[in-house]
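Student: After the structure tokens below, expect a handful of questions from me.
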Amino acid sequence: MTRPLIVGFSGSSWRPAKSRTLVEAIGAGLRQRYALGIDVLDLVDAGPGIAAFTRDRLDDSARAVVEAIEGADALVIGCPVFQGSYPGLFKHVFDLIEPGALRNRPVVLTAVGGGLRHSLVLEHQLRPLFGFFEACTVSTAIYASAAEMAPGEPLPPLIAARVVNAVEQLAALLERPQAATA
């Protein structure tokens, strides 16, 4: 049995990024509790070539990010929130994804914004986006305001508890196909 390929994608165009911190926290939980690895990518990895208007115009680094997302067995998504929504380049990455590529794919959704008013971006924008792709988003989504996350500090207890729940839910979805084939 091969190990599932889990890809984390943070829609940030700089490092360090708080949205990437949440993706990495999910990855750490997957490693610690289930010995599952995760490859974390972001817009920095895609480079400026991700701004190509069509998929056939992507450069190699941008194409590699798009193909990694499409080829993953599960996704952990981290999204910064700007002006009440996800960033345009974040959405553009998913505009380049083939519509059927994420069907039945387990996905954890996380977001970081300037305040609590942005928390609904998970339910009103990210969940519908992945619903379009017919992906299986786990029920626990994780939102943190930027003020809650201090560099080098552990996540606040409520956010850490949600990370644990999301990790358990993702692991359960990854185990189901294996059980069905046994």
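Since every read-out is calculated from the coordinates, none of them should be taken as a lab result. Computed from a prediction, not measured in an experiment: that's the story for all the values here. Glycine also receives a Cβ, built like all others from the backbone with ideal geometry; neighbour counts cover every protein chain displayed.
Student: Just one of (i) 17.8, 62; (ii) 15.5, 47; (iii) 15.0, 43 is Rg and Dmax of the Cα atoms in Å as worked out from the coordinates here. Which one is it?
Tutor: The value computed from this structure is option (ii).
Student: Given the Cα-Cα distance of SER61 and GLU168 and 0.36 nm per residue of separation, how much length would full extension add, in nm? Could the numbers behind the result be given before it?
Tutor: Details: separation 107, 0.36 × 107 = 38.52 nm, distance 3.18 nm.
Between SER61 and GLU168, full extension yields 35.3 nm more.
Student: Around HIS92, under 13 Å between beta carbons, what's the net of Lys plus Arg minus Asp minus Glu among the other residues? Could the numbers behind the result be given before it?
Tutor: Working: positive: ARG55, ARG57, LYS91; negative: ASP95.
Local net charge: +2.
Student: Lys and Arg at +1, Asp and Glu at -1: add these up for the other residues within a Cβ distance under 15 Å of ILE50 and post the number. Could you put the intermediate results ahead of the total?
Tutor: Numbers: positive: ARG55, ARG57, ARG63, LYS91; negative: ASP42, ASP45, ASP56, ASP59, ASP60, GLU67, GLU70, ASP95.
So the surrounding residues net to -4.
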